[in-house]
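Participant: Take this structure first; my questions come after.
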Amino acid sequence: MPKSIKNQKGLRILVFHGITVDDPHKFNSRFISKQLFEQLVLLLKQHCNLISFTDLLEKNISSSKLNVLITFDDGYKNNFDYAFPFLVKHNVPAIFFVTTRHTSQLHYLFNDIVDISPVYGKEKVLVNNEEFYRKKIFLNYRYVNKSNEQLAKKYHHARLKSRNGVLEQLWTTNSSAAYKSNTCFFELMTDSMIKTLSENKLFTIGSHTKNHLSLATLNRDELEEEIIDSINHLKHVTGQTEIPFAFPYGEYSEEVLNVCLKHQIKNLFGTELLLNESHKNVIENRFQINPFITPILQLHYVAKGKYE
Ligand SMILES: [Zn+2]
């Protein structure tokens, strides 16, 4: 056992994304293997006090051990298939922050399709009259333009309509067979799966907006739609009166906080990217899991709360 965990106290909120039995690093670094995930959860259970969202609200936390709250972002169906039964079996609580994009026509997330497309897609694609080329960057293929800018980065702050346009163009570029054999990397949970999760006392459903846009650049009306619509939908599906909220990419603005304040959305979760030190009091900071390291090393970094 790493020494670092032994005397560690306080709270660490962890962020997982996808879980897969396939090669987790096939398209990006948001997936962890099912085996590694299970080993890590068991280690955390052994050395930490695993808490639920309700424990956090009621301050029902240990003063002698490090408290850990497990969260999942993006609402992948693989969370339901792999994490859900394992967590139930071992009595481990969690929050699932889901988008409500599964209810729309293009029911998959922008980044997933942008990551999968160049692996199977053409050498050159035309997106909004701009050419993008396949290029291997670190472990994965990406589409980049003439100035070497990645497609995902170029459209990071784009509005919904523009991003959906990109998705439609990429979706038709690939043969559907390429997507069909990789559904684990982009398929999202349905309302009925979300409801099933929420019915278990261990789990809480949180909102991760409607379309997973970067909230930092959206105006008031767009923010209301992205945040409030998704929260209302999830309240309706789960019957939960409290829906915690996590910012996509950990990005937000003062305007985002104003919208949340206005609608009494109190339980906000971010990542390390705070705009202002004082926001520590309103945003719960979360620690990202690294899918490339061993469970014992991950436990060490969880205890430290930083990767250094
Ligand atoms: Zn996300």
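Participant: Would you be able to say whether some residue in region 204-217 is surrounded by fewer than 17 Cβ atoms within 10 Å (Cβ to Cβ), under 21 Å from LEU56 (Cβ atoms) and more than 16 Å from the ligand (Cβ to nearest atom)?
Facilitator: Checked against the condition, which is being surrounded by fewer than 17 Cβ atoms within 10 Å (Cβ to Cβ), under 21 Å from LEU56 (Cβ atoms) and more than 16 Å from the ligand (Cβ to nearest atom), region 204-217 yields no hits at all.
Participant: If you take the residues in region 1-16 that are surrounded by 15 or more Cβ atoms within 10 Å (Cβ to Cβ) and part of a loop (DSSP other than H, G, I, E, B), which one is farthest from the ligand (Cβ to nearest atom)? Quick ask: steps written out before the conclusion?
Facilitator: Within region 1-16, the first condition is being surrounded by 15 or more Cβ atoms within 10 Å (Cβ to Cβ), and the residues that meet it are 2, 4-5, 8, 11-16.
Filter again for part of a loop (DSSP other than H, G, I, E, B), leaving 2, 8.
Values: PRO2: 29, GLN8: 27 Å.
Among residues in region 1-16 that are surrounded by 15 or more Cβ atoms within 10 Å (Cβ to Cβ) and part of a loop (DSSP other than H, G, I, E, B), the one farthest from the ligand (Cβ to nearest atom) is PRO2.
Participant: Let me ask something else. In region 17-134, which strands (runs of 3 or more DSSP E) lie fully inside it and hold 2 or more residues that are within 15 Å of the ligand (Cβ to nearest atom)? Steps first, please.
Facilitator: Details: elements: 18-20, 31-33, 66-74, 94-98, 124-127.
Filter on region 17-134 gives 18-20, 31-33, 66-74, 94-98.
Participant: Here's a follow-up. Would you mind telling me which numbered condition in (1) modelled with pLDDT under 95; (2) in a strand (DSSP E or B); (3) surrounded by 14 or more Cβ atoms within 10 Å (Cβ to Cβ) GLN169 fails?
Facilitator: Of (1) modelled with pLDDT under 95; (2) in a strand (DSSP E or B); (3) surrounded by 14 or more Cβ atoms within 10 Å (Cβ to Cβ), only one is false for GLN169: (2).
Participant: Continuing with the same structure: Kindly evaluate LEU87 against the criterion of being over 25 Å from ASP191 (Cβ atoms), touching a strand residue (DSSP E or B) at 6+ places or on another chain (Cβ under 9 Å) and at pLDDT 95 or above. Talk me through it step by step, then tell me what you get.
Facilitator: Numbers: over 25 Å from ASP191 (Cβ atoms): no; touching a strand residue (DSSP E or B) at 6+ places or on another chain (Cβ under 9 Å): yes; at pLDDT 95 or above: yes.
Criteria not met by LEU87.
For every residue, the table says whether it meets (1) in the same structural domain as CYS260 (by TED's automatic domain parsing); (2) assigned to a helix (DSSP H, G or I); (3) not basic (Lys, Arg).
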| site | (1), (2), (3) |
| --- | --- |
| ALA152 | no, yes, yes |
| HIS157 | no, no, yes |
| LYS161 | no, yes, no |
| ALA177 | no, yes, yes |
| THR196 | yes, yes, yes |
| LYS201 | yes, no, no |
| LYS210 | yes, no, no |
| LEU213 | yes, no, yes |
| GLU224 | yes, yes, yes |
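Participant: Return yes or no: is ILE137 farther than 20 Å from ALA246 by Cβ and within 16 Å of the ligand (Cβ to nearest atom)? Full working, then the answer.
Facilitator: Values: farther than 20 Å from ALA246 by Cβ: yes; within 16 Å of the ligand (Cβ to nearest atom): no.
Criteria not met by ILE137.
Participant: Can you tell me which residue among LYS45, LYS34 is surrounded by fewer than 21 Cβ atoms within 10 Å (Cβ to Cβ), in contact (Cβ under 8 Å) with a residue 12 or more places away in the chain and in contact with a Phe, Trp or Tyr (Cβ under 9 Å, 6 or more places away or on another chain)? Can you show your working first?
Facilitator: On the way: LYS45 fails: in contact with a Phe, Trp or Tyr (Cβ under 9 Å, 6 or more places away or on another chain).
The unique qualifying residue is LYS34.
Participant: Right, here's the next one. Mind checking whether some residue in region 258-267 is within 14 Å of the ligand (Cβ to nearest atom) and surrounded by 15 or more Cβ atoms within 10 Å (Cβ to Cβ)? Quick ask: steps written out before the conclusion?
Facilitator: At the first step, the residues of region 258-267 found to be within 14 Å of the ligand (Cβ to nearest atom) are none.
No: zero hits.
Participant: Separate question: If ASN79 meets every condition in (1) closer than 24 Å to VAL15 by Cα; (2) more than 16 Å from the chain's Cα centre (by Cα) apart from one, which number is that one?
Facilitator: (2)
Participant: Could you tell me whether region 226-234 includes any residue that is of a type in the set (S, T, N, Q), surrounded by 15 or more Cβ atoms within 10 Å (Cβ to Cβ) and part of a helix (DSSP H, G or I)?
Facilitator: Yes, the conditions are met somewhere in region 226-234.
Participant: Could you list all residues from region 171-199 that are of a type in the set (Lys, Arg) and within 14 Å of ASP22 (Cα to Cα)?
Facilitator: LYS180
Participant: Shifting gears a bit: Please name all residue pairs, on different chains or six or more residues apart, with Cβ atoms under 6 Å, provided the first residue is in region 226-241 and is assigned by TED's automatic domain parsing to the domain that holds VAL259 and the second residue is of a type in the set (Asp, Glu).
Facilitator: Between residues of region 226-241 that are assigned by TED's automatic domain parsing to the domain that holds VAL259 and residues that are of a type in the set (Asp, Glu), the close pairs are VAL237/ASP191.
The values are calculated or read from the model by the stated rules, or taken from the named source; none is laboratory data. Everything quoted here is computed from the prediction, not taken from an experiment. Here the Cβ is made from the backbone with ideal geometry for all residues, glycine too, and neighbour counts use every protein chain on show.
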